Amino acid sequence: MNQEQNHEQPMKAGFVAVVGRPNAGKSTLLNHLVGEKLAMVSKKAQATRKRMNIIVMHDNAQIIFVDTPGLHEKEKLLNKFMLEEALKAIGDADLILFIAPVSDSTAEYERFLKRIEKKKTPHIVVLSKIDQASNEKILSKIAEYQKFQEHFVALIPYSVKKNIGREELLDEIVKHLPEHPWLFDPEILTTENIRDIYRELIREALFEKLSDEIPYESDVVIDRIEEEELIDRVYATIVTEKETQKRMIIGNRAESIKRVGAYARKLMEEFSGKKIYLDLHVVVRKGWSKNKKSLEEIGYVF
Ligand SMILES: Nc1nc2c(ncn2[C@@H]2O[C@H](COP(=O)(O)OP(=O)(O)OP(=O)(O)O)[C@@H](O)[C@H]2O)c(=O)[nH]1
């Protein structure tokens, strides 16, 4: 992270919303831009539930990414909440990144254009996962998007796997941010966000280690963190809908919860560079995903 202010360039700061269908590669892209493991990456759709601000310093700009879930509608309150969050992020943002996997048709993008018709917010199309396509295919996809070129400010081919597009994308983002003093002190960025980050990492471990056994209705609450120089002690609770889910998470002779805990600790240690003591509990709270109040209690901000 470049934390030195360069006095020749104007200071910039702004909000960037990242949107795209579930599994488009939004979290993976954010992790790649940050260079550290911050956003949650999961093979499961809709894993990114809550907005989380991720800050990247580039040149003299402070880019604040708002991690948003996929743009789509479902009946459950949790999903309704996710959609509202995505739209809210667009409203607040100075710039939008639309993540378009190279294998997708332009249909999703056309729907996105309809949604943002009245807003003046500029957007960049990021053609993601280009390592999965031939050069020919990439070029023909770019040609398809050219039809919409009066709408976007740039189209950038990207691959996290082959490390393509990072600098181009960051440079392009900075061009579209307003001149503004930094909104966060770079020195305190990570410590302020540590609670959210640990929570995301435990959630990532849940999705990763329990694969399909565990539905999206569970979530993680950080009860307490005791920070010391060499060790962080983290006390967290996994909230589930049903007794059966709780039993699945704990597993036979607590094997599943141990796997989740061990993996979460590994991710947290990688991130913090400290030893982690993790105390993980599972509780049942019936109907929480339908219950707004309970959502608020466990940390969602409406
Ligand atoms: N080959 C390849 N796979 C990628 C790339 N970027 C992301 N993926 C894969 O695409 C899948 C989805 O990535 P995520 O980052 O979880 O997608 P997302 O858009 O955040 O998904 P939601 O949280 O469900 O909205 C994962 O299996 C990633 O490993 C890439 O550049 N190349």
So how exposed is residue 180, as accessible area in Å² (1.4 Å probe, rounded to 10)? 80
Relative to the present Cα-Cα distance, how much length would full extension add between residue 153 and residue 11 at 0.36 nm per residue of separation? 49.0 nm
Hey, can you grab everything whose amide H is under 5 Å from the amide H of residue 58? Only 5+ residues off in sequence or another chain; H modelled, so Pro and N-termini drop out. 63
Rounded to 0.05, the calculated FRET efficiency for the beta carbons of residue 284 and residue 34 at R₀ = 25 Å is 0.15
Highest average packing first - 117-126, 237-246, Cβ atoms within 10 Å: 237-246, 117-126
Residues with beta-carbon under 14 Å from that of residue 143, excluding residue 143: net charge, scoring Lys, Arg +1 and Asp, Glu -1? +1
For residue 282, list long-range residues whose amide hydrogen, built 1.01 Å from N in the peptide plane, is under 5 Å from its own amide hydrogen. 238
I'd like to compare 253-261, 20-28, 199-207: which one has the highest average count of other Cβ atoms within 10 Å, and what's the full order after that? 199-207, 20-28, 253-261
Of the cross-linked pairs 209/242; 26/175; 12/162; 246/274, which ones have a Cα-Cα span greater than 23 Å in the structure shown? 12/162; 246/274
Label-zone membership for the stretch 97-118, site residue 137, 7 angstrom Cα→C-beta point, backbone N under 16 Å: 100-106
What distance in nm separates the simple spin-label points at residue 144 and residue 255, each placed 7 Å from Cα in the Cβ direction? 4.4
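The values are calculated or read from the model by the stated rules, or taken from the named source; none is laboratory data. From a predicted model like this one, the values you see are computed outputs, not experimental measurements. Because the Cβ atoms are built from the backbone with ideal geometry, glycine has one as well, and the counts that use them run over all protein chains shown. Please note that ligands, DNA and RNA were not included when accessible areas were found on the heavy atoms of the full protein model with its side chains. Shrake-Rupley method; radii C 1.70, N 1.55, O 1.52, S 1.80 Å.
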